[in-house]
Amino acid sequence: MGKDVIIACDFESAEKTLAFLDRFDGKKPYVKIGMELYYAEGPSIVKQLKERGHRVFLDLKLHDIPNTVKKAMAVLSTLKIDMCNLHAAGTKEMMEAARKGLTRADGTRPLLIAVTQLTSTTQERMETDILIEKPMEAVVSQYAANAKEAGLDGVVCSPLESPAVHHACGNGFLTVTPGVRFADDEKGDQARVTTPARAKALGSDYIVVGRSITGAQDPEAAYERCLKEFVDSI
Ligand code: C5P
């Protein structure tokens, strides 16, 4: 599986998203549609981006009882998305149900990955707010192992945890990693962050980059910089 940069299109409308992508001079980056854009525009934004030739990661992070998630995934399976996700905290049973719901009648399905711990969560908040007292890396590795047992394709985690996930689940198990910033950027609300070059060295399969590209003066140049650091450089 080739490494790639996924741009988080965290915009409030299709209009803003398409205007942003129009700045990419003929290039068709892999894009992520999150809750904001999907709740604003619904399935039509997925269709429009697919028609324009983009690969689409639909980041809706489902988390509910297994039957509900299974049925919701069956609806998402009718969209031509390339990747979608759910929260591993929903349990193995929920993840298995999701995989079954997402699988189309012909046996095909988009990639399905599980969010481990959000990259905005610190060790301290995990301990005090949600009473998980194990080290972050152990929690992420356990959630990844659960996702693998449920037949999923990979996890969302911080690049800092990619080595532990690959160690626990094998190199073929995907790590999709947000929490990426250039060395000279602000962290924003993210906690477990690193640079594209470091994410590559740590073995991430995909980096998800939002504000470092969408907020840049020249988004195309920032995207190229990500590609250069993450995909091209040694
Ligand atoms: O702007 P920034 O690069 O921080 O954007 C990161 C994107 O990745 C956001 O769209 C966020 O919702 C998403 N994400 C994340 N952490 C996760 C899963 C998804 O930051 N664990």
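As a test question: what accessible area, to the nearest 10 Å², does residue 184 have when a 1.4 Å probe is rolled over all protein chains in place?
Roll a 1.4 Å probe over it and residue 184 shows about 110 Å².
Kirkwood hydrodynamic radius, the chain, all distinct C-alpha pairs: what's the number in Å? The partial results should precede the final answer.
On the way: mean 1/r = 0.0559 Å⁻¹.
One over the average 1/r among Cα pairs gives 17.9 Å for the chain.
Give me the one-decimal nm value for the distance between modelled label points at residue 228 and residue 185, 7 Å along each residue's Cα-to-Cβ direction.
Spacing of the two 7 Å Cα→Cβ label points: 1.6 nm.
Sequence-distant or interchain residues sharing an amide H contact under 5 Å with residue 191, placed H: which?
Answer set, sorted by chain and number: 120, 121.
From Cα pairs below 8 angstrom and at least 6 apart in sequence, can you work out the relative contact order of the chain, rounded to a whole percent? Numbers along the way, then the final one.
On the way: 449 pairs, mean separation 46.1, N = 234.
It comes to 20 percent, rounded to a whole number.
Considering every Cα-Cα pair within the range 63-150, what fraction, in whole percent, is farther apart than 16 Å? Before the final figure, lay out the partial values.
Numbers: 2066 of 3828 pairs.
It works out to 54 percent of all Cα pairs.
For residue 16, tell me the accessible area in Å² from a 1.4 Å probe, rounded to the nearest 10.
In the full protein context, residue 16 sits at about 100 Å².
Averaged per residue, what accessible surface does the chain expose to a 1.4 Å probe, in Å²?
Per-residue value: 47 Å².
Mind jotting down the distance between the C-alpha centroids of the range 132-160 and the range 1-77, whole Å?
Their Cα centres are 23 Å away from one another.
If 128, 177 are ordered by their accessible area, calculated over protein heavy atoms with a 1.4 Å probe, which sequence runs from highest to lowest? Walk me through the numbers before you get to the answer.
Values: 128 80, 177 0 Å².
From most exposed to least exposed: 128, 177.
Rolling a 1.4 angstrom probe over the protein chains, ignoring ligands and nucleic acids, what is the accessible area of residue 46 in square angstrom, nearest 10?
Solvent-accessible area, nearest 10 Å²: 0 Å².
Excluding same-chain residues fewer than 8 positions from residue 228, which aspartates and glutamates have a Cα within less than 18 Å of its Cα?
Those aspartates and glutamates meeting the cut-off are 4, 25, 184, 185, 205, 218, 220.
Give me the percent of accessible area attributable to carbon and sulfur for the chain, probe 1.4 angstrom.
Numbers: 5510 of 10900 Å².
Carbon and sulfur: 51 percent of the exposed surface of the chain.
Considering only 180, 208, 75, give the residue with the highest GNM mean-square fluctuation for the chain, with springs between Cα atoms whenever their separation is below 10 Å.
Among 180, 208, 75, the largest GNM mean-square fluctuation belongs to 75.
Among the listed pairs 70/148; 28/134; 80/187, which have their C-alpha atoms separated by more than 29 angstrom in this model?
On the way: 70/148 17 Å; 28/134 41 Å; 80/187 33 Å.
Result: 28/134; 80/187 exceed 29 Å.
What does DSSP give for the range 4-232 in terms of the percent of beta bridges that are antiparallel, rounded to the nearest 5? All intermediate terms of the calculation are to be shown ahead of the outcome.
On the way: 0 of 27 bridges.
If we restrict to bridges inside the range 4-232, about 0 percent are antiparallel.
Per residue of the chain, what 222 nm ellipticity follows from adding -39500 (n - 2.57) for every DSSP H run with n ≥ 4, rounded to the nearest 500? Write down the numbers at each step before the final one.
Details: 11 runs with 95 residues, N = 234.
So the helix-based figure for the chain works out to -11500 deg cm²/dmol.
Only Lys, Arg, Asp and Glu count, each charged at its Cβ (+1, +1, -1, -1), so figure out the dipole size of the chain about its Cα centre, rounded to 20 debye.
Details: 30 positive and 33 negative charges, 150 e Å.
So the dipole magnitude of the chain works out to roughly 720 debye.
Could you identify which residue out of 203, 34, 53 has the top mean-square fluctuation in a GNM of the chain using Cα springs shorter than 10 Å?
53
Assuming 0.36 nm per residue, please report the length gained on full extension of the stretch residue 124 to residue 15 beyond their Cα-Cα distance. Let's see the in-between values first.
On the way: separation 109, 0.36 × 109 = 39.24 nm, distance 3.93 nm.
So the chain would gain 35.3 nm between residue 124 and residue 15.
The values are calculated or read from the model by the stated rules, or taken from the named source; none is laboratory data. Note that this is a predicted model, so its numbers are computed, not measured. All Cβ positions, glycine included, derive from the backbone under ideal geometry; neighbour counts span all protein chains shown. The protein model used for the area step is the full one, side chains on, heavy atoms only, and it has no ligands, DNA or RNA in it. Shrake-Rupley method; radii C 1.70, N 1.55, O 1.52, S 1.80 Å.
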